[in-house]
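The values are calculated or read from the model by the stated rules, or taken from the named source; none is laboratory data. Bear in mind the structure is a predicted one, so any value in this text is a computation, not a measurement. Positions of Cβ are backbone-derived with ideal geometry, glycine not excepted, and every protein chain shown enters the neighbour counts. Surface areas here come from the heavy atoms of the whole protein model, side chains and all, with no ligands, DNA or RNA. Shrake-Rupley method; radii C 1.70, N 1.55, O 1.52, S 1.80 Å.
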Amino acid sequence: MLVTLAAGDMSYNKDTRITLNDGNTMPILGLGTYAAPDVPKSVGEEATKIAIELGYRHIDCAYIYGNEVQIGQAIRAKIADGTVKREEIFYTGKLWCTYFSPELVRKALEKSLSDLQLDYLDLFLMHWPFSLKSAGAERHTDSNKGFIYDNVDFLSTWEALEACKDAGLVKSIGVSNFNRRQLERLLSKPGLKYKPVCNQVECHVYLSQSKLQEYCKSKDIVLVAYSVLGSHRDKDWVDLSSPVLLEDPVLANVAAKYNRSPAEVAMRFVLQKGIVVLAKSFSEARLKQNLGVFDFEIKEEDMKTLDGLDKNLHYGLFKELREHPEYPFHDEY
């Protein structure tokens, strides 16, 4: 049964979907599938199968994660054994920054489709607002190379994404890690055919994104949250001296009040703001526990307490790109 979300409605469950500005719908809880390079790809494949068996229907992945082959195998295995139909799964892929030249966009999407062995993606996002040259590093782990900036205008990249939607290769298109100014520039693009349906950003109790959410809401763009538990503390991405969110004493106090784990409260906080939550876990016990976010509601005074923890702290700053003209985190939001 399809349940769509109205603003302020607290009666969420794992089957709740939010209606996007193009009429398609997105499940409000998704499985994040990024893993550090030393985690075997088979672990993500097994976790995705378990997640689908538990009722997760939103799978968030990306070309740059390097595991679309395995995640695709998991999805197809669960379709083949009758657990789900393809149309019940909402799969998000992302266009990496080295493929922003308009002539490369469709090729990059077709590579993901081929790796996944799927006929279409439900959502395709521009992974970041900046472009990179393929001659440089593609990932942080390409230690012998540095990232080389490119100057492809993301407005021309967006036109190529619109063409992919028109071709039926993807149902919806959106962006990730865009700030307000970049969203405004995209929305005011002459001849814009499709608005982005969402902006996927880092969001948690230390980075509540209230101003960005307010702006996105005013433009009918859904905010989707990653790193809702703070971060997996991958040394390639994260300053390991930054505070561990799940060890925050205020969060722990609120969690104790509801007899819940800090992780459940951290997730419920974001969800209760009307933001779509991506929960990253490859552990069956935690995947089950994460579904517990639908079993309780945080009272208004505790929401205010958690709001007070906002430090505007980004764990994933991608500092190597901070000199790029389109680096998004110089702006307030």
Examine segment 282-291 for a residue that is free of Cβ contacts under 8 Å to residues at least 24 places away in the same chain and exposed (fewer than 14 other Cβ atoms within 10 Å of the Cβ), and state whether such a residue exists. yes
Anything in segment 29-49 that is touching a residue at least 60 places away in the same chain (Cβ under 8 Å), in a helix (DSSP H, G or I) and closer than 24 Å to ILE275 by Cα? List them, or say none. ALA47
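In segment 237-245, is there at least one residue being over 14 Å from the mean Cα position of the chain (by Cα), within 26 Å of PHE100 (Cβ to Cβ) and not basic (Lys, Arg)?
So the first thing to find is which residues in segment 237-245 are over 14 Å from the mean Cα position of the chain (by Cα), and the list is 237-245.
Going one step further and asking which of them are within 26 Å of PHE100 (Cβ to Cβ), we end up with 237-238.
Cutting the leftovers down to not basic (Lys, Arg) gives us 237-238.
Yes, because at least one residue in segment 237-245 is over 14 Å from the mean Cα position of the chain (by Cα), within 26 Å of PHE100 (Cβ to Cβ) and not basic (Lys, Arg).
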Can you pull out the residues in segment 13-33 that are open to solvent by 10 Å² or more (accessible area, probe 1.4 Å) and among the polar types (S, T, N, Q)? ASN13, THR19, ASN21, ASN24, THR25
Out of all the residues in segment 223-270, which are in contact with a helix residue (DSSP H, G or I) (Cβ under 6 Å, 6 or more places away or on another chain) and free of Cβ contacts under 8 Å to residues at least 24 places away in the same chain? LEU246, ALA252, ALA255, PRO262
Among the residues of segment 107-148, how many are within 30 Å of SER188 (Cβ to Cβ), surrounded by fewer than 18 Cβ atoms within 10 Å (Cβ to Cβ) and over 21 Å from the mean Cα position of the chain (by Cα)? 4
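Can you tell me which residues in segment 1-53 are of a type in the set (Asp, Glu), within 18 Å of ILE64 (Cβ to Cβ) and modelled with pLDDT of 95 or more?
Here is the first cut: in segment 1-53, the ones of a type in the set (Asp, Glu) are 9, 15, 22, 38, 45-46, 53.
Pick out the ones that are also within 18 Å of ILE64 (Cβ to Cβ) and you get 38, 45.
Passing the criteria: only GLU45.
Among LEU212, LEU229, LEU207, which is open to solvent by 10 Å² or more (accessible area, probe 1.4 Å) and in contact with a Leu (Cβ under 8 Å, 6 or more places away or on another chain)?
Values: LEU212 fails: open to solvent by 10 Å² or more (accessible area, probe 1.4 Å); LEU207 fails: open to solvent by 10 Å² or more (accessible area, probe 1.4 Å).
Within the list LEU212, LEU229, LEU207, the selection yields LEU229.
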Of ALA74, ALA47, ALA62, ALA36, which residue is open to solvent by less than 10 Å² (accessible area, probe 1.4 Å) and out of contact with any Lys or Arg (no Cβ under 8 Å at 6 or more places or on another chain)? ALA47
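Condition test on GLU138, is it more than 19 Å from LYS219 (Cα to Cα) and touching a residue at least 24 places away in the same chain (Cβ under 8 Å)?
Values: more than 19 Å from LYS219 (Cα to Cα): yes; touching a residue at least 24 places away in the same chain (Cβ under 8 Å): yes.
So GLU138 fits the description; yes.
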